[in-house]
1. Between Asp101, Asp119, Asp107, Asp115, which is over 21 Å from the mean Cα position of the chain (by Cα) and closer than 30 Å to Glu38 by Cα?
2. Taking only the range 59-73 into account, find how many residues are open to solvent by less than 30 Å² (accessible area, probe 1.4 Å) and either assigned to a loop (DSSP other than H, G, I, E, B) or closer than 11 Å to Ile5 by Cα (or both).
3. Testing Arg46 on (1) under 26 Å from Ile136 (Cα atoms); (2) touching a Leu at 6+ places or on another chain (Cβ under 8 Å); (3) surrounded by 14 or more Cβ atoms within 10 Å (Cβ to Cβ), one condition comes back false. Which one is that?
4. Return the residues of the range 111-166 that are open to solvent by less than 50 Å² (accessible area, probe 1.4 Å), hydrophobic (A, V, I, L, M, F, W, C), closer than 28 Å to Arg79 by Cβ and not in a loop (DSSP other than H, G, I, E, B); say none if nothing qualifies.
5. What residue, among those in the range 76-93 that are of a type outside the set (A, V, I, L, M), more than 13 Å from Ser129 (Cα to Cα) and modelled with pLDDT of 95 or more, is surrounded by the most Cβ atoms within 10 Å (Cβ to Cβ)?
6. Among the residues of the range 31-43, what is the count of those that are surrounded by 14 or more Cβ atoms within 10 Å (Cβ to Cβ) and in a strand (DSSP E or B)?
7. Which pairs have Cβ atoms under 8 Å, sit 6 or more apart or on different chains, and link a residue in the range 82-103 that is closer than 30 Å to Ile6 by Cβ to one that is β-branched (Val, Ile, Thr) and in a loop (DSSP other than H, G, I, E, B)?
8. If a residue has to be loosely packed, with under 15 Cβ neighbours inside 10 Å and part of a loop (DSSP other than H, G, I, E, B) to count, how many in the range 13-30 make the cut?
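The values are calculated or read from the model by the stated rules, or taken from the named source; none is laboratory data. Values in this document were obtained by computation on a predicted structure and should not be read as measured data. Here the Cβ positions follow ideal geometry from the backbone for every residue, glycine too, while neighbour counts run over all protein chains shown. Note: accessible area is taken over every heavy atom of the protein model, side chains too, but ligands, DNA and RNA are not part of it. Shrake-Rupley method; radii C 1.70, N 1.55, O 1.52, S 1.80 Å.
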Amino acid sequence: MHRFIIAILVSNTAGVLTRVSSMFTRRGFNIDSLTVGETESSEFSRITVTFRGDEATKEQIVKQLAKLYDVKEVEVLDRHETVSRELLLIKVKNTSETRQDILAAVDIFRSKIIDYSTDTLCCELTGESSKIQAFIELLKPFGIMEMCRTGIVALERGTNCLKSKE
């Protein structure tokens, strides 16, 4: 099983995300992460989807996505030619006994403390998924109270861009 990242340029209209995610559901494909946001043009939104599968699964997903009306471009991003990042917000129990260890982890991972109280620390971390996961594992023994991850956003390196051919 390989992990794939697909960038999808879609019309910025109501219902597009539902149609794209429904295509995965109808075909029985599981989405590992899905991120949607505006682009440099108000006409388009960009959807970044990560999933696991084999080459045949990847090809079927790309073909099915390309058939959808509001989909303008679909591109499988080469992980060696792509910059990808994820955002984590995580709230950890803060005690006088564990505070210094947590602050050391925050420093080593180049994280930021974005909220501080006598009982909790809220940290922000951006990076590759493996870095995010390592940070989570390191903080588990201190007592994770709450967390959320954005999912992956990705851009190709260099001059390659996902643009509508219309």
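1. So the residue among Asp101, Asp119, Asp107, Asp115 that is over 21 Å from the mean Cα position of the chain (by Cα) and closer than 30 Å to Glu38 by Cα is Asp115.
2. Here the count works out to 1.
3. Evaluating Arg46 over (1) under 26 Å from Ile136 (Cα atoms); (2) touching a Leu at 6+ places or on another chain (Cβ under 8 Å); (3) surrounded by 14 or more Cβ atoms within 10 Å (Cβ to Cβ) leaves (1) as the failure.
4. Residues satisfying the conditions are Cys123, Leu125, Ile132, Ala134, Phe135, Ile136, Leu139, Ala154.
5. Here the answer is Lys91.
6. Of the residues in that region, 4 qualify.
7. Ser84/Ile152; Arg85/Ile152; Glu86/Thr150; Glu86/Ile152; Leu87/Thr150; Leu88/Thr150
8. Counting residues in the range 13-30 that are loosely packed, with under 15 Cβ neighbours inside 10 Å and part of a loop (DSSP other than H, G, I, E, B) gives 5.
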